[in-house]
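To start, the structure under review is shown below, and the notes come after it.
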Amino acid sequence: MGSTGFIGLGRMGCPMASNLARKGFDLVVHDIVAARVDTLARLGAVPAASPAEVAAQAEVVITMLPGPASVREVITGQEGVLATARKGTIVMDMSTIDPETTDAMAELCEGRGLEFMDAPVGRLASHADAGESLFMVGGTSDNLERVRPLLEAMGTAIFHCGPCGTGTRTKLVNNFISTASCQINAEALVLAAAFGLDLDSTLDVICGTSAVNGQISSAWPVKVLADDTSPGFTIDLAHKDLSLVVEAANATGVPMPMAATAREAYSVARVRGFGGKDFSAMLDVHCDVTGTPQPRLIANSKHRTA
């Protein structure tokens, strides 16, 4: 495989690109923050001054960006990928964005003789650090096989969701459940605290019935319930994703009352200063709103140490 371009070295992109560099892939990288590029350069990656400079040197260009506007700018801007990418180049966007932008980028790339894929990332930043990300891939089977070595170097689970656009749409479905679950869990545990219930016993019941979800069974015991709200996935990002869900659903004609309600709960969290905290901190937001003490697991809890 020739050189791979990587544009967007934020909290997820930096460890993903770092795993590629450590595993021997030739990388050309760009980010608007010079220090992030320097981090990859120390691992052997070649710095580039613009997305266009990346695309001029790469057979595959990966973008991992904050949102739709940045994806459009990086791909279509004056110094964007389309300005220099050669025919046959794969442009693989891993950002979480709206389906409209994904579809538009796919059409533009196709019109220039480029191959487009959407492959948004599941799991958390800690998984990206460990090379254990999950990928939801939209694109042709042939293109998936071309990029499979890259995906396998960055993650442990690859799901081919269908043609271009299906990866983005699958990510929105997945993130709706994940982010809304945090708000449901927050309300439930605050109610349990108001009832005076023991937290360990309450979790025993929840995790032993169909009420269980991945957030409360595995994520929260090592995050907010362990008094750790350092961001793996921030409330700000969860709010962005829920906004994408609601807007995409409206465009499709699908009512999403639970998604709209959850988004407003995250809006409250941001107004109250919790935007930069991990999205498990929705528990602390609801405690703040209701004046309830924050539920926390004791150090030797079987749930905390699981």
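The values are calculated or read from the model by the stated rules, or taken from the named source; none is laboratory data. These figures come from a predicted structure and were not determined experimentally. Ideal geometry is used to build each Cβ from the backbone, glycine not excepted, and the neighbour counts take in all protein chains shown.
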note = With criteria (1) among the aliphatic types (A, V, I, L, M); (2) in contact with a Pro (Cβ under 6 Å, 6 or more places away or on another chain); (3) at pLDDT below 95, ALA248 comes up short on (3)
ask   = Can we say VAL137 is surrounded by 20 or more Cβ atoms within 10 Å (Cβ to Cβ) and either in a helix (DSSP H, G or I) or at pLDDT below 95 (or both)?
value = no
ask   = Restricted to region 227-236, and to residues that are at pLDDT 95 or above and not polar (S, T, N, Q), which residue is surrounded by the most Cβ atoms within 10 Å (Cβ to Cβ)?
value = ILE235
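Report whether or not PRO295 is over 26 Å from ARG11 (Cα atoms) and assigned by TED's automatic domain parsing to the domain that holds ALA193.
Values: over 26 Å from ARG11 (Cα atoms): yes; assigned by TED's automatic domain parsing to the domain that holds ALA193: no.
So PRO295 fails the test.
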request  = State whether one or more residues within region 218-226 are modelled with pLDDT under 95, assigned by TED's automatic domain parsing to the domain that holds LEU283, part of a helix (DSSP H, G or I) and of a type in the set (Ser, Thr, Tyr).
outcome  = yes
Qualifying position, being surrounded by fewer than 16 Cβ atoms within 10 Å (Cβ to Cβ) and over 23 Å from ASP142 (Cα atoms), among ALA52, ALA83, ALA41, ALA48 = ALA41
message = Which pairs turn up if I take residues in region 39-50 that are within 19 Å of PRO15 (Cβ to Cβ) and look for partners that are part of a loop (DSSP other than H, G, I, E, B) and modelled with pLDDT of 95 or more with beta carbon separation below 7 Å, at least 6 apart in sequence or on another chain?
response = LEU40/LEU9
remark   = Given the conditions (1) over 30 Å from ASP26 (Cβ atoms); (2) over 19 Å from the mean Cα position of the chain (by Cα), every one holds for ARG146 apart from (1)
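Do you know which of the residues in region 172-201 that are of a type outside the set (A, V, I, L, M, F, W, C) and under 27 Å from the mean Cα position of the chain (by Cα) is nearest to LEU225 (Cα to Cα)?
Per the stated criteria, the residue is ASN185.
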